[in-house]
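Written below as structure tokens is the structure these notes are about.
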Amino acid sequence: MQPYDIIHPISVSQLNQYLKQKLDNDDFLKTVCVEGEISNLTLHTSGHIYFTLKDSSSSIRAVMFRGFRSSLKFLPANGMHILLIGNVSSYEKAGTIQIYVQRMMHSGVGEVYLEFEQLKQKLEKEGLFDQAHKKAIPKYPNKICLVTSPTGAALQDMLNILFRRYPIAEVEVCATSVQGAEAVQEICNAITIADHKKADVILLARGGGSLEDLYVFNNEKIARAIYASKTPIITGIGHETDFTIADFVADLRAPTPSAAAELAVPNQQDILLDLINAESTLSSALAAQIEKKKVHLLKMNETLIRSLSNFQIYLYNKLQERKIQLKQKINDHLKNLNQFLQIRAISLSANNPLAICAKGYGRLQDTSGKLITSISQIALEDKILIYLPDGHLTTIVIHKEKKNE
């Protein structure tokens with residue numbers, strides 16, 4: 001492979017393959033023993049362990065596959081100082097160099113964790129964590145100061161929640177960096193500035209990150225700046241499982257920046273409930289007066305009923321008379337209709353062919369079904385049908401005699 005050829009450049013995959021071959025062929029990297037501190041630990045559901053091994057000035061990715069994990073005598077955790085044995089190679093797909101761990105030995109807690117515990121014990125003895133020094137968070141703040149990075153997602157999350165839950169509050173941002181060499185002094189200055197703005201509450205927040213990213217909030221200067229603030233401070237640093245010295249000193253600790261914003265202001269729904277309770281109190285106070293007015297109105301109604309004018313009574317009586325007259329006319333009309341129907345029924349009964357047949361008469365039809373009403377319609381030897389009430393007869397004409405007119 002040529003080191004430089006602009007006419008025929010190599011692909012990223014080829015470069016990563018070349019680097020992996022170089023690392024795999026280096027005898028020094030085939031078995032190394034490295035000392036460092038665990039950070040960004042992930043105990044994957046597959047059984048593999050992923051983490052970063054670091055010291056005070058550098059770090060490297062590491063992975064221990066499930067097959068080697070079975071030899072562990074302890075459960076790794078962030079902050080542990082360990083010795084590990086493995087080989088250094090490249091993860092070809094991502095082009096990252098990492099240690100493939102075969103053995104891991106616990107060498108005690110890391111220096112960073114020890115510093116954290118030492119500072120925590122020191123400040124706790126001085127009383128900076130005492131509940132007696134915690135300031136109450138106002139229920140309805142008029143002004144809120146946000147001490148956070150102006151470019152982080154945490155700022156937008158908090159602004160969205162504050163405006164949604166409690167839009168009447170004034171919100172001011174005291175911008176500061178939240179990691180890096182200058183962050184400690186910037187955060188202290190931002191807390192002091194926010195305290196002088198006469199806000200009702202200060203939110204000190206940053207989004208999630210690694211232990212190294214959050215470690216700036218374990219600084220003693222920041223802890224004392226929080227303690228010295230006359231304004232109540234709510235911290236929302238990292239994720240729910242992350243705890244910093246700043247959280248212990250703050251007046252209230254929230255698991256995330258979004259949760260800090262929710263704790264700082266009431267929900268509009270809660271305010272609505274307070275208004276409903278106030279309305280209930282006012283309703284109770286007015287209940288007696290309303291009841292008195294109700295009784296008075298009932299008495300007036302009774303008086304009005306008793307005071308109906310003679311004209312109203314006259315109209316009422318006339319209405320009753322008209323009702324009686326209308327009812328009588330309806331009954332007479334129905335009676336006439338009944339008589340008419342009875343007459344029609346008698347007439348229909350008299351002309352009913354079946355009734356005539358019942359008297360000994362029959363209905364004559366030829367074989368085609370045509371009704372015979374005259375002897376001229378048939379000839380000798382024709383078949384005719386005679387219909388009686390209980391059936392019919394078929395007969396042959398053997399004689400005809402027309403009636404003399």
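Listed values, structure above:
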read-out	value
Residues that are of a type outside the set (A, V, I, L, M), buried (at least 20 other Cβ atoms within 10 Å of the Cβ) and under 21 Å from residue 262 (Cβ atoms), drawn from region 158-191	166, 174
Lone qualifier among 272, 252 - being under 30 Å from residue 199 (Cα atoms), hydrophobic (A, V, I, L, M, F, W, C), outside the structural domain of residue 168 (by TED's automatic domain parsing) and under 39 Å from the mean Cα position of the chain (by Cα)	272
Sole exception among (1) outside the structural domain of residue 206 (by TED's automatic domain parsing); (2) over 30 Å from residue 15 (Cβ atoms) for residue 121, by number	(1)
Verdict on residue 271 being surrounded by 24 or more Cβ atoms within 10 Å (Cβ to Cβ) and more than 20 Å from residue 153 (Cβ to Cβ)	no
Residue check, residue 46 in contact with a strand residue (DSSP E or B) (Cβ under 8 Å, 6 or more places away or on another chain), small (Gly, Ala, Ser) and surrounded by fewer than 18 Cβ atoms within 10 Å (Cβ to Cβ)	no
Conditions (1) farther than 16 Å from residue 100 by Cβ; (2) surrounded by 11 or more Cβ atoms within 10 Å (Cβ to Cβ): number failed by residue 11	(2)
Where residue 375 falls short, out of the listed (1) in contact with a helix residue (DSSP H, G or I) (Cβ under 8 Å, 6 or more places away or on another chain); (2) surrounded by 10 or more Cβ atoms within 10 Å (Cβ to Cβ); (3) modelled with pLDDT under 85	(1)
Options 161, 168, 82; residue that is more than 30 Å from residue 15 (Cβ to Cβ) and either touching an Asp or Glu at 6+ places or on another chain (Cβ under 7 Å) or acidic (Asp, Glu) (or both)	161
Residues (surrounded by 24 or more Cβ atoms within 10 Å (Cβ to Cβ) and over 19 Å from residue 169 (Cβ atoms)) located in region 197-208	206
Residue 294 being under 21 Å from residue 171 (Cβ atoms), free of Cβ contacts under 8 Å to residues at least 60 places away in the same chain and over 30 Å from the mean Cα position of the chain (by Cα)	no
Subset of region 386-405 [surrounded by 10 or more Cβ atoms within 10 Å (Cβ to Cβ) and assigned to a strand (DSSP E or B)]	386, 387, 388, 392, 393, 395
Complete set of residues in region 75-110 that are at pLDDT 85 or above and of a type in the set (Ser, Thr, Tyr)	89, 90, 91, 96, 100
Odd one out for residue 194 among (1) surrounded by fewer than 20 Cβ atoms within 10 Å (Cβ to Cβ); (2) out of contact with any helix residue (DSSP H, G or I) (no Cβ under 6 Å at 6 or more places or on another chain)	(1)
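Residue by residue, here is whether (1) exposed (fewer than 15 other Cβ atoms within 10 Å of the Cβ); (2) within 25 Å of residue 219 (Cα to Cα); (3) among the β-branched types (Val, Ile, Thr); (4) touching a strand residue (DSSP E or B) at 6+ places or on another chain (Cβ under 7 Å) holds:
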residue: 7; (1), (2), (3), (4): yes, no, yes, no
residue: 31; (1), (2), (3), (4): yes, no, yes, yes
residue: 40; (1), (2), (3), (4): no, yes, no, yes
residue: 69; (1), (2), (3), (4): no, no, no, yes
residue: 76; (1), (2), (3), (4): no, no, no, yes
residue: 88; (1), (2), (3), (4): no, no, yes, yes
residue: 101; (1), (2), (3), (4): no, no, yes, yes
residue: 104; (1), (2), (3), (4): no, no, no, yes
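The values are calculated or read from the model by the stated rules, or taken from the named source; none is laboratory data. The structure presented is a predicted model; accordingly, all values stated were derived computationally and were not measured. All Cβ positions, even for glycine, are placed from backbone atoms using ideal geometry, and neighbour counts span all protein chains on display.
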